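Down below is the structure, laid out as structure tokens.
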Amino acid sequence: MPAPVPTPVPRSLVVVLRTMLVLAATGSLVVLAVILPLLWIDLESASRGVAVSLIVVLALGVVSLQVIGVCIWRLLTLVLRGRIFSREAFRSVDVITGAMAGGGVLLVAFGVILSGGTTAPGLVLLVGGVALLAFAAALTVNVARRLLAQAVDRDAQARRLEDELSEVI
């Protein structure tokens, strides 16, 4: 295996990003452990089906954000090791794309749940707009994955050419 390529990303930036991920993960655990149970209590006047649907959709949304955070952490590890332009990165990027698209679906479900009650139509439209942004983000990550694939292929081609050249010399 060839030596890792030095990373063009400063280690301090990775530390800042990881700190943000830890803070976000901590906040998401608070949401799952404290906020959602309190919301469940607040929803006692709502029908059981609406309350359960709302809590499930919100919990799955938080979990999808946690999955994205874990994948970003894994990608940052590859950056630090100088291996971001490798096939190893594809799995994390694919999972991020799926989690973002799943989040968009969850937002649509959230909007549908909200539209069945006395929620203002503007709020339902706002949730729909955020769902649209989630789908756009998933497509953007998919484009980045395609660029990553192209970079990995070019890197592999360059390594083959270097090997051939070193054999000739």
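The values are calculated or read from the model by the stated rules, or taken from the named source; none is laboratory data. What you are looking at is a predicted structure, and each value in this text was computed from that prediction instead of being measured. Every residue, glycine as well, gets a Cβ built from its backbone with ideal geometry; the counts of neighbours run over all protein chains shown. SASA here: full protein model, heavy atoms, side chains in, ligands and nucleic acids out. Shrake-Rupley method; radii C 1.70, N 1.55, O 1.52, S 1.80 Å.
Remarks
- In angstrom, the C-alpha Rg and Dmax of the chain are 21.3, 80.
- Extension gain, residue 90 back to residue 70 (0.36 nm per residue minus Cα-Cα distance, nm): 5.8 nm
- Using C-alpha pairs under 8 Å with a sequence gap of at least 6, the mean separation divided by the residue count of the chain gives a relative contact order of 23 percent.
- Apportionment of accessible area to carbon and sulfur, region 1-72, percent (1.4 Å): 78
- Its Cα centre serving as origin, the chain has a Cβ charge dipole (Lys and Arg +1, Asp and Glu -1) of approximately 140 debye.
- In the chain, taking the dipole from charged Cβ atoms about the Cα centre, the farthest positive-side position among 122, 47, 70 is held by 70.
- Within region 60-104, trypsin sites (Lys or Arg not before Pro) in DSSP loop having at most 15 other beta-carbon neighbours inside 10 Å: 81, 87
- Whole-Å distance, taken between Cα centres, linking region 97-134 and region 36-69: 14
- Residue-normalised accessible area of region 60-163, expressed per residue, 1.4 Å probe, Å²: 59
- Under a 5 Å amide H cut-off, with hydrogens placed 1.01 Å from N, residue 46 pairs with nothing among residues at least 5 apart or on other chains.
- Within the accessible surface of region 76-169, defined with a 1.4 Å probe on protein heavy atoms only, the carbon and sulfur portion equals 67 percent.
- Estimated FRET transfer efficiency when R0 is 45 angstrom, pair residue 168-residue 17 (beta carbons, to 0.05): 0.60
- For region 82-91, 3J(HN,Hα) per residue [Karplus equation, 6.51 cos²θ - 1.76 cosθ + 1.60, θ = phi - 60°, Hz, x = Gly/Pro]: x, 10, 5, 8, 9, 5, 4, 6, 4, 4
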